[in-house]
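Here is the structure we will look at, set down as structure tokens.
The values are calculated or read from the model by the stated rules, or taken from the named source; none is laboratory data. Owing to the predicted nature of the structure, the values given are computational and were not obtained by experimental measurement. Here the Cβ positions follow ideal geometry from the backbone for every residue, glycine too, while neighbour counts run over all protein chains shown.
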């Protein structure tokens, strides 16, 4: 880094902070884009994850640290330990991103295969590397497309095995988590509405359509179209907002503190 | 003649030395001029046609046509001037007469002159493109006489005055008028129009404007229309008598505009005599008149139709929301039928069966009938009443009439599936209690329903009839087989119902008395012996029983009761008094049914074969019941069972509604799947529209319900949302 000029040095620093990439990769990206930050970001994100070599033996070691004594899987205790090691709250949304990379089928457990797939994809074979990758994973949530995928993944992951729908409480919890990231102003009203009026499990269609709704419809509902083929639950939600004066004359009066 | 020098006899051409006598033309002309004078002075008899013709011929031949022609013009003009003056001089009423006479004379003169000058007419005039003689005569008459200022104004004024007088009732000389207007027409279409017709129409418009204003203040609607009609007819007659036929449509337009169009709204809305009053009071003649008159003006019928429609809708709406009316369903439906009859009659007799009115009536009925969600139930109750007793003794044709009328109302229903549900229930009761007046009538109605709604609608109903028939055969078989050993037991009659066809009933417990049980078992064994793989369950809540009862003073009665009631009463063969519990235990009839059953046995005047202590109206768990040996009735047969179909109570109605809603869900889903299978990809709004269209013969689906069904199908992976456009759905094979 000392070989670089001041301006370049700043850019590398910025790049690393924002993307969570390593210095080496930052240099790679910036050089490729002729030291333009925007171009560097494009370059970085369009690259498949630069797979640095992962040592399978070390992965094995890591796995064994966390795996359950009686089954060949990492269960709740193992996950808690992992989170401690990483100094990350188990409820932290970054764990969802981790699970997404692993293509985990259910929350609170990782099979050996899932563990290996996920860590290899991320180029992790040690706790240090894992720690380094955390900022990167957080940044992935900022990417529109990836957030979409992670969000939709969350449904299958959070629901009970063998069930078609997601239990309401779990769904609400997930939504709170996800929309804290995404910043949707109506999320609290949505959750209140569901508890008051719906009280049943959430279907996959409703789950995925909600993201669309949060993305495209503004909080004052000015561009909401009743003929827009939204799931009926969302239509009812709109009615609920209108009835309770939360949306008045196309104005969103935010009663709740956020 | 003596012998003279002989000349060669030569034949020479005939040389008629044309003497170019400069005075020749003048002389000839003078002759002709004189002739014209004489003609106009009525002295034509002394003239020689042949000579005059020859003179004219010669003039033209010798190239004096121009002189002849101009001379003609001059002479005629001067004569016409004189005539014009004489006409002007005529006083008052004689003006027209004089004009007419002089016109006739002029025409005669014209003819003669034209005959004389025929050669010129045929040769000189076409060559020089001058106006032919006859036409010249007309033009000169027009210009000199008619359009002379004095004559023109006076003529117009007098003609219009005559019309006015005739309109106020005076008699005028129509023949004279006819001749004059014919004259004007002969003079050219613009003459008739400019000199007369234009002003005629203007004046008429003013006249009728005033008159209509006057009438509308002083007459009611019916009278006004009569007057308007009369005036219209008058004008038509007037035209036929003495005006150009082309004037008819023009003058009728004036009358229509002034008398009808300008006052359309006021007439229709007139208080106490307007359209609505006519309808209410069934004034067919007035209505017919209104129809004929209003048909003549733009939007006249539209107005009538609109006012009629909103009246029907309003009164209909009132009818279906009036709680008093709704207490008696049969009466309610009868009222609807009467109303329909009344309007039909109006449309056929007064509105000449106009299709647009018929349609307006239909849509109005459809509108208000569907405002009351219980209409389907009520119509079924009406039919039930008719088929139970109302049609007793009625001829077959009349039965058909009544049923056809009911079908008309049925067609207006949006929720035909609700009707189906009730109809099934009511039919079941009728069949099982044997209380139908005519099986033919029942079947006839089924056929009508099938024609209207298709086979699916009626297949289960027909199944019910089949079951009844089959049961009869079964019973025959049963008594044939077991004839001997059942002879002295109670007489059993069983109807075996196929579960799918009959309205679903919850299975209830009921212990039949010992005397009955044996018989029932025998039947069950017999039936299962002949039909394998079936299960029979006794529907104790639908049966009836006839009991022979002997009371205190030996009076015997035959009691017709429900199966539950029979079970209860049979207990009293072994005890005179029983508490509620003592009845409930052995019979095991569910509490609500038992209470209802006890109520009809103990608390209804004239039917109280049981006495209750205490004597309150309601049944309590602590009540005691006694056999009422003091029971009397003037009838031998006493009917106690409540089997007749009745208007549902509110909670029952809710329940039925719910079941209907549940039934609709699979139908909607089936429709969605059908549509998507065919179309593969379709957007939301189009699916809703298609589904609605497919199901409209049964009911009107709620778009929200359709949406929920779509989501359910997405959940079950029949459909998916398109990845690109979230409003589009795809069929998943």
Can you pull out the residues in the stretch B:449-468 that are in contact (Cβ under 8 Å) with a residue 12 or more places away in the chain and more than 19 Å from residue B:439 (Cβ to Cβ)?
B:452, B:453, B:454, B:457
Only one of (1) free of Cβ contacts under 8 Å to residues at least 40 places away in the same chain; (2) within 14 Å of chain B (Cβ to nearest Cβ); (3) assigned to a helix (DSSP H, G or I) does not apply to residue A:155, and that is (1)
Tell me which strands (runs of 3 or more DSSP E) are completely within the stretch B:615-733 and hold 1 or more residues being within 14 Å of another protein chain (Cβ to nearest Cβ) and more than 38 Å from the chain's Cα centre (by Cα), or say none if there are none.
B:681-683, B:719-721, B:728-731
When (1) assigned to a helix (DSSP H, G or I); (2) more than 13 Å from every other protein chain (Cβ to nearest Cβ) are applied to residue A:184, the one that fails is (1)
By residue number, the members of the stretch B:140-153 that are outside any loop (DSSP other than H, G, I, E, B) and touching a residue at least 12 places away in the same chain (Cβ under 8 Å) are B:140, B:141, B:142, B:144, B:145, B:146, B:150, B:151, B:152
What residue, among those in the stretch A:163-181 that are within 14 Å of another protein chain (Cβ to nearest Cβ), surrounded by fewer than 20 Cβ atoms within 10 Å (Cβ to Cβ) and in contact with a helix residue (DSSP H, G or I) (Cβ under 8 Å, 6 or more places away or on another chain), is farthest from residue A:218 (Cα to Cα)?
A:164
When you scan the stretch B:611-633, do you find a residue that is touching a helix residue (DSSP H, G or I) at 6+ places or on another chain (Cβ under 7 Å), touching a residue at least 60 places away in the same chain (Cβ under 8 Å) and buried (at least 17 other Cβ atoms within 10 Å of the Cβ), even just one?
no
Pick out the one residue from B:484, B:441 that is surrounded by 17 or more Cβ atoms within 10 Å (Cβ to Cβ) and more than 26 Å from residue B:561 (Cα to Cα).
B:441
Just to be sure before I move on: is residue B:469 within 44 Å of the chain's Cα centre (by Cα) and crowded, with 17+ Cβ neighbours inside 10 Å in the structure I sent?
no
Quick one: in the stretch A:204-217, which of the residues that are more than 12 Å from residue A:152 (Cα to Cα) and touching a residue at least 12 places away in the same chain (Cβ under 8 Å) is nearest to the other protein chains (Cβ to nearest Cβ)?
A:213
Could you check the stretch B:333-380 and list, in sequence order, the residues that are crowded, with 18+ Cβ neighbours inside 10 Å and assigned to a loop (DSSP other than H, G, I, E, B)?
B:350, B:351, B:372, B:374
Where residue A:160 falls short, out of the listed (1) in a helix (DSSP H, G or I); (2) within 16 Å of residue A:202 (Cβ to Cβ); (3) more than 14 Å from chain B (Cβ to nearest Cβ)
(1)
Residue, modelled with the highest pLDDT, within the stretch A:1-16, restricted to residues that are in contact with a helix residue (DSSP H, G or I) (Cβ under 8 Å, 6 or more places away or on another chain) and loosely packed, with under 15 Cβ neighbours inside 10 Å
A:14
Mind telling me which of the residues A:225, A:235 ends up being outside any helix (DSSP H, G or I), surrounded by fewer than 18 Cβ atoms within 10 Å (Cβ to Cβ) and within 14 Å of chain B (Cβ to nearest Cβ)?
A:225
Just one listed residue, out of A:120, A:192, is closer than 21 Å to residue A:65 by Cβ and part of a helix (DSSP H, G or I), and it is A:120
